[in-house]
1. Under the Karplus relation 6.51 cos²θ - 1.76 cosθ + 1.60, θ = phi - 60°, what is the ordered set of whole-Hz ³J(HN,Hα) values for the range 189-206, x standing for Gly and Pro?
2. Please order LEU102, LEU55 by the number of other Cβ within 10 Å, starting at the fewest.
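Every number in this text was worked out from the coordinates using simple rules, so none of it is lab data. None of these values were measured; they are calculated from a predicted model. As a convention, Cβ positions derive from the backbone with ideal geometry for all residues, glycine included, and neighbour counts pool all protein chains shown.
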Amino acid sequence: MLVHATLLTVLLGFAPIYWQSIVFVIVTHYLIDLAKLYVQENKTAIPAFLADQALHVTVLGLVAYHHEPFNWLAKDLLSAPVLLFITALILVIFVPAVLIKLLIAQWRPDTKDRPQDSVFTDEESLIRAGRFIGILERLFVFLFIIIDHWEAVGFLLTAKSIFRFGDLRQGKDRKLTEYVLIGTLLSFGSAILVALAYSRAVTILN
C-alpha cells in the first residue's frame, strides 16, 4: 500500500486537487484487496483475481473521469473491428479445444496401457495444465500472425517440441507421443486458420 500511495503521489503531484482522489484510490484499493482475501480459494483464484483487477481498473477510470471527463460510447466498443477481434479471440480460445478433444478422443492413450517406466503419470501432471497450455499457445500463434511475425510461430513450435517431445521420447510411449503430436498440430493449425481469416476480414473492412 505504501508503494502504491507513493507512486500515486509522484505521478499526480502534490496539488491539493488530487489529494482526495489519491486517498479514494488507496482506500478502495485496500478494501478490494481485503475482500479478495476473504473470498479467494483455490477453486476461485482466477475469478477472484479477474474481479479484483476489474474493480481496480473501474476505480481508476472513475477517478480519471472525475478530473478529465471523456466520452466512451458503447457504439465505439461495439464497432465492427472490435467485435471482429473479440470473435477471433473466442474462436481461438474455446472452439479449437472442443474440436480437438472430439477429433483425438479415439486415440487417447489409456493409463494402464503405458509402460511401467514411463516418465508420465497422471499424478505428475498439473490439473488442467494441458488446457491452459493449448489456450496460451493458440493465443501466441494468433497474435504473432496478425502482427506478421511468422518466425515467432516457428520458434514457439520448436520450443514446445524441445520441452515436450524430449520427455515423451524418454518415456518410450509411442502412442502418447503421437497423441500429443496430433493435438499440437491441430492446435497450431486452428490458430493459424483463425489468424489468417481475421487478417483477411480486417483487410476487407478497411
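1. Once θ is set to phi - 60°, the couplings for the range 189-206 become x, 5, 5, 5, 4, 5, 5, 5, 5, 5, 4, 5, 5, 4, 4, 5, 5, 7 Hz.
2. Numbers: LEU102 9, LEU55 17.
By the 10 Å Cβ count, ascending: LEU102, LEU55.
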